[in-house]
Amino acid sequence: MQFRHTQTATIFYAIGQFFLFALLVTIPVIIIKLDLHVLKNGLSEQSLTEYGEQFLLAATLLCYVIIAKRNPSFRRFGALVIGFFMCMLIRELDKFFDDWMWHGFWVYPASLTAASAMLYALHNRAETLNSFSEFVSHRYFPLLSLGLALLLVFSRLFGMSSLWHDALGDGFVRAAKNVAEEGTELMAYITIFYASLRYTMAMRPVDATDTQQEEAAELCKQSRV
């Protein structure tokens with residue numbers, strides 16, 4: 001009976017996962033339809049789509065801040081992850097920086113963020129590499145990689161003007177290209193956030209005292225050898 005109960009739970013969990021994914025992939029379509037048919041903003045910088053992407057980036061960033069807070073050993077590599085997503089968020093807010101300072105100003109805070117993250121991570125390379133290895137070995141890393149590939153590669157290739165000119169010819173409409181590109185980007189951000197959230201939920205909090213005790217035990221072992 002216990003075996004059957006486990007089988008049933010596994011099946012229902014898989015079905016639940018499917019419906020969750022089905023819900024997630026409909027979110028970009030709903031948001032874009034609201035922008036086009038209700039708000040009629042043409043997917044501008046002040047659109048639900050843009051705000052949604054910024055929100056998802058900020059939420060993803062928060063996930064890794066929480067992980068770093070829970071796990072001191074993750075903080076060196078975590079600085080790289082947090083810095084990476086912070087730079088992406090700064091880039092998404094380029095219109096704000098353009099209006100606030102001048103065009104292209106976002107490069108400066110992004111560069112400062114990237115340099116600070118790398119310096120902090122390189123201060124203890126062994127700890128950074130160890131956390132890096134654990135991070136890429138996690139079961140949700142492939143899903144995170146898929147989201148990043150969709151965002152950084154597929155959305156850029158799929159959104160090329162030349163591709164849409166070839167597809168539509170004289171009937172080329174820039175709005176169609178924008179819908180395809182922004183929709184793909186929003187789907188990518190949802191995938192990245194979902195993977196990061198599951199990673200955060202699966203991460204076991206580690207007490208700093210436990211970490212120190214483990215380090216002390218390791219030093220003792222090394223001293224005996």
Between region 86-145 and region 166-204, the Cα center-to-center distance that results, in Å: 20 Å
Hydropathy first: keep DSSP H helices in the chain averaging at least 0.5 on Kyte-Doolittle, then drop any whose Cα extent along the axis falls short of 27 Å, and list what survives. 2-33, 48-70
Grab the Cα-Cα distance for HIS103 and GLN54, subtract it from 0.36 nm times how many residues apart they are, and report the gain in nm with one decimal. 15.7 nm
Under the definition of Cα pairs under 8 Å and six or more residues apart, what whole-number percent is the relative contact order of the chain? 25 percent
In nanometres, what is the gap between the two model label sites at LEU163 and MET118, each 7 Å from Cα along Cα-to-Cβ? 3.0 nm
What list do you get for TRP100, TRP106 if you sort them by fewest beta carbons within 10 Å? TRP100, TRP106
Where a ≥ b ≥ c are root eigenvalues of the Cα gyration tensor, a/c under 1.5 meaning rounded, otherwise prolate if a/b exceeds b/c and oblate otherwise, region 153-198 counts as prolate
What shape does region 74-124 have by the C-alpha gyration tensor, where a ≥ b ≥ c are the square roots of the eigenvalues, rounded means a/c under 1.5, and otherwise prolate means a/b greater than b/c and oblate the rest? prolate
Prolate/oblate/rounded label for region 2-204 (Cα gyration tensor, a/c 1.5): oblate
Quotient of C-alpha Rg and 2.2 N^0.38 Å, computed over region 86-157: 1.41
Only helical DSSP H runs with n ≥ 4 go in: add -39500 (n - 2.57) per run for the chain, normalise by residue count and round the 222 nm mean residue ellipticity to 500 deg cm²/dmol. -26000 deg cm²/dmol
Suppose R0 equals 45 Å; then what is the FRET efficiency for ILE11 and SER145 from their Cβ-Cβ distance, rounded to the nearest 0.05? 0.95
Proximal lysine pairs in the chain, meaning Cα under 29 Å and 8 or more positions apart or interchain, come to 6
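A short reminder: the numbers here are calculations on the coordinates, not readings from a lab. Since the model is a prediction, treat every value here as computed from it, not as a measurement. Don't worry about glycine lacking a Cβ; one is built from the backbone with ideal geometry, like all the others, and counts go over all protein chains shown.
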